[in-house]
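The values are calculated or read from the model by the stated rules, or taken from the named source; none is laboratory data. For clarity, every value in this text was computed on a predicted model and none was experimentally measured. FYI the Cβ positions are ideal-geometry reconstructions off the backbone, even for glycines, and counts take in every protein chain you see. Surface accessibility is based on the protein's heavy atoms, side chains included, excluding ligands, DNA and RNA. Shrake-Rupley method; radii C 1.70, N 1.55, O 1.52, S 1.80 Å.
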Amino acid sequence: MTDISMPPALRVPVMARLILALTAGLALMLGAAAAFAQSSGPLRIEITEGVIEPMPFAVPAFVAENSAGQQFSDQLSRVIAANLSNTGLFREIPASAHIARITSFDAPVQYSDWRAINAQALITGAVSVQGNRMSVKFRLFDIVSGRQMGDGLQFQGSTDAWRRMAHKVSDAVYSRITGEGGYFDSRVVFVAESGPRENRVKRLAVMDQDGANVEYLTDGRALVIAPRFSPTGDRILYTSYETGTPRIYLMDMGNMRRQVVGDQPGTMTFAPRFSPDGGSMVYSLSVGGTTDLFRLNLSNGQRTQLTNAPSIATAPSFSPDGNRVVFESDRSGTSQLYVMPANGGEARRISFGQGRYGTPVWSPRGDLIAFTKSHQGRFHIGVMRSDGSEERLLTASFLDEGPTWAPNGRVIMFTRETAGGDPALWSVDISGRNLRRIPTPGPASDPAWSPLRQ
Amino acid sequence: MNLTTKVLMVVAALALAACNNPRGGSGQWDDANGFGPGAGGIQSGALGDPNDPSSIAHFQQRVGDRVFFDTDASTLNDTARQTLAGQARWLSSNPQYTILVEGHADERGTREYNVALGARRANAAMQYLVSQGISANRIRTVSYGKERPVEACPEPRCWNQNRRAVTVVSTGLAG
């Protein structure tokens, strides 16, 4: 749906002040990591609590270039403003404070008017609609240096996908300013919960990363847990108790058809996750009280046993290059994290802090592993480097668990349950900043982030 | 009586058991077999009279259908062994029944690990029953992880009740 009307934007140099707020957030993350890198000896664990000044920006209503476009002019700018503000890196200057009015997409920007209200970035846009097709254009301006930042871009698609176009604009703006990949045009598959805790109804559901456009994928008759997206977002793996025994299902998101995969009579199978090429999955298989890891080639059904120990091995996750698998095992007596070659072999323990570690997930960038940690009655989401060094806890609560990475590897979503309360989805960035609740129609758990949509 | 009728009877019996049991009982068959919550409305006498030693009600209330575990453990304590020994005696006397041993975990762990932990607990209970002479062919196991607590409070007294293995009796369906 995306047509880029002009050559890919070149990142243009920006003045120091613009860089400041932007990179302050990233510098904080990297700075924190660097600080830990310098310390040797015993692990040092700390919950990061950095605070930065978000960059002020303005995004006036998009200019409607024809009458049919009018209904979207404000909606588009609202979604973009929400996306950017929700990162914690940006702060919107509301339209009520604007001096200048953007009435033409191509009229010169009056930088002084935007400087007067302390805007550092300005996003202008235009929208036109023909039938059920729409065209959205935008430009990004560096107000401090008084110049356009990169070329304008144009997106075309169906009016049904208007939010996606706002997400595409947001991703482009975010990428240009931060130098990071975007993550707004992505979805989250999760478990929607209802009913009493003792007899919970759980349905698979999928939504946009900001909580919009919720769709239900199962009807709630069978208990389902822990869905996972394929690397291209076209399929999901999940575990269902449909037959009374936990088994893994593969669902095609296009036609909603599904099939059982990896089933072996007399066993329980669960905790599936795709390989980075989407061609196979790793998962847990329990038999006789022992839980080991297996790998299944999804096209030819070939099965490989990856672990063989009289203990629990579960929650496997591939490295993005597909060469290694991180998983959780209690072979040492308590749950800890281990890394092994993707076809099995010797596993190396990487977690050595106090407490129990579980649900490791490799960042799509490959640099970090996110995990759940429980210690002294509290649960945390944390990150460590893939060799186990530089552990940092990002959250703490009664029950935080099950991290999933945004496509850019900068934000983590997870399940949080308060004592006696319902579970909900929350997100936090990898510096530990910007802890936010993600809106869902009801109680929700087990989020899994999709890749960036194409 | 055909198989479907038998299944319905068991579902009704378990639903009734859930109503009678102040601890909430075990209602998993509803979801497992795709029946909606409405199945509980079926009236049935299949549960039986607890004074009838061969009734499911007797098994649940007098013999004891569940054993409990310490945090993150699957070791059977003395009380659990006594309960399971009683279950084994009852199963020996009532060979028409098969059982499903459900392993459960409390909420203080991650979802995947708790499925594996529940499997370990169910297996520990099963192995003990086998050691007491019950044929493994009569026993199936399943783990519900932390998905089906019987007590909802966020406190140790509830978690203690949720770390359990429950023996669910049925008539010849384990196959």
Which of the residues spanning the stretch A:271-306 are within 14 Å of another protein chain (Cβ to nearest Cβ) and more than 22 Å from the chain's Cα centre (by Cα)? A:284, A:285, A:286, A:287, A:288, A:289, A:290, A:291, A:292, A:293, A:294
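Given the criterion touching an Asp or Glu at 6+ places or on another chain (Cβ under 9 Å), more than 14 Å from every other protein chain (Cβ to nearest Cβ) and touching a residue at least 12 places away in the same chain (Cβ under 8 Å), identify the matching residue among B:57, B:46, B:80, B:85. Show your work before the answer.
Values: B:46 fails: touching an Asp or Glu at 6+ places or on another chain (Cβ under 9 Å); B:80 fails: touching an Asp or Glu at 6+ places or on another chain (Cβ under 9 Å); B:85 fails: touching an Asp or Glu at 6+ places or on another chain (Cβ under 9 Å).
Going through B:57, B:46, B:80, B:85 in turn, the sole match is B:57.
Could you tell me which residue of the stretch A:403-423 is nearest to residue B:156 (Cα to Cα), considering only residues that are over 11 Å from the mean Cα position of the chain (by Cα) and open to solvent by less than 20 Å² (accessible area, probe 1.4 Å)? First the steps, then the outcome.
At the first step, the residues of the stretch A:403-423 found to be over 11 Å from the mean Cα position of the chain (by Cα) are A:415-423.
Filter once more, so that each one left must be open to solvent by less than 20 Å² (accessible area, probe 1.4 Å): A:415, A:421, A:423.
Numbers: A:415: 21, A:421: 16, A:423: 19 Å.
Ranking the qualifying residues of the stretch A:403-423, first place goes to A:421.
Within the stretch A:144-153, identify whether any single residue is within 30 Å of residue A:374 (Cα to Cα), open to solvent by 10 Å² or more (accessible area, probe 1.4 Å) and among the small types (Gly, Ala, Ser), and answer yes or no. Working first, answer last.
Of the residues in the stretch A:144-153, the ones within 30 Å of residue A:374 (Cα to Cα) are none.
Looking for residues that are within 30 Å of residue A:374 (Cα to Cα), open to solvent by 10 Å² or more (accessible area, probe 1.4 Å) and among the small types (Gly, Ala, Ser), one finds none in the stretch A:144-153, hence no.
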Test each condition in (1) touching a helix residue (DSSP H, G or I) at 6+ places or on another chain (Cβ under 9 Å); (2) more than 12 Å from chain B (Cβ to nearest Cβ) for residue A:246 and report the one that comes out false. (2)
Would you mention how many residues in the stretch A:342-364 are loosely packed, with under 14 Cβ neighbours inside 10 Å and farther than 21 Å from residue B:113 by Cβ? 3
On the given criteria, is residue A:218 closer than 16 Å to residue A:248 by Cα and either over 16 Å from the mean Cα position of the chain (by Cα) or not in a strand (DSSP E or B) (or both)? yes
Could you identify the single residue in A:412, A:381 that is in contact with an Asp or Glu (Cβ under 6 Å, 6 or more places away or on another chain), in a strand (DSSP E or B) and free of Cβ contacts under 8 Å to residues at least 60 places away in the same chain? A:381
Filter the stretch A:168-216 down to residues that are out of contact with any helix residue (DSSP H, G or I) (no Cβ under 9 Å at 6 or more places or on another chain), among the charged types (D, E, K, R) and away from every other protein chain (no Cβ under 14 Å) and give me whichever is nearest to residue A:156 (Cα to Cα). A:168
Inspect the stretch A:424-432 for any residue being in a loop (DSSP other than H, G, I, E, B) and open to solvent by 10 Å² or more (accessible area, probe 1.4 Å) and give the result as yes or no. yes
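Only one of A:67, A:85, A:112 is open to solvent by 50 Å² or more (accessible area, probe 1.4 Å), on the phi < 0 side of the Ramachandran plot and in contact with a strand residue (DSSP E or B) (Cβ under 9 Å, 6 or more places away or on another chain); which? Quick ask: steps written out before the conclusion?
On the way: A:85 fails: open to solvent by 50 Å² or more (accessible area, probe 1.4 Å); A:112 fails: in contact with a strand residue (DSSP E or B) (Cβ under 9 Å, 6 or more places away or on another chain).
One residue alone meets the criteria, A:67.
Inspect the stretch A:156-177 for any residue being in contact (Cβ under 8 Å) with a residue 60 or more places away in the chain, aromatic (Phe, Trp, Tyr) and not in a helix (DSSP H, G or I) and give the result as yes or no. Reasoning before the result, please.
Narrowing the stretch A:156-177 to residues in contact (Cβ under 8 Å) with a residue 60 or more places away in the chain: A:156-159, A:161-174, A:176-177.
In the following step, the residues that additionally are aromatic (Phe, Trp, Tyr) were identified as A:162, A:174.
Checking which are not in a helix (DSSP H, G or I) leaves us with none.
Looking for residues that are in contact (Cβ under 8 Å) with a residue 60 or more places away in the chain, aromatic (Phe, Trp, Tyr) and not in a helix (DSSP H, G or I), one finds none in the stretch A:156-177, hence no.
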Looking at (1) among the small types (Gly, Ala, Ser); (2) within 10 Å of chain A (Cβ to nearest Cβ); (3) on the phi < 0 side of the Ramachandran plot, find the lone condition where residue B:105 falls short. (2)
Residues of the stretch A:268-295 being surrounded by 21 or more Cβ atoms within 10 Å (Cβ to Cβ) and of a type in the set (A, V, I, L, M), in sequence order, are A:268, A:271, A:281, A:282, A:285, A:293
Can you tell me how many residues in the stretch A:101-129 are in a loop (DSSP other than H, G, I, E, B) and free of Cβ contacts under 8 Å to residues at least 24 places away in the same chain? 5
Enumeration of residues in the stretch B:108-124 that are more than 16 Å from residue B:161 (Cα to Cα) and either more than 7 Å from every other protein chain (Cβ to nearest Cβ) or not acidic (Asp, Glu) (or both): B:110, B:111, B:113, B:115, B:116, B:119, B:120, B:123, B:124
What number of residues in the stretch A:337-390 are in contact with a Phe, Trp or Tyr (Cβ under 7 Å, 6 or more places away or on another chain), within 14 Å of another protein chain (Cβ to nearest Cβ) and charged (D, E, K, R)? 1
What number of residues within the stretch A:307-325 satisfy the criterion of being more than 14 Å from chain B (Cβ to nearest Cβ), of a type in the set (A, V, I, L, M, F, W, C) and surrounded by fewer than 23 Cβ atoms within 10 Å (Cβ to Cβ)? 0
Hits in the stretch A:217-234 (condition: within 14 Å of chain B (Cβ to nearest Cβ) and β-branched (Val, Ile, Thr)): A:218, A:224, A:225
Of the residues in the stretch A:120-147, how many are over 20 Å from residue A:178 (Cα atoms) and among the polar types (S, T, N, Q)? 4
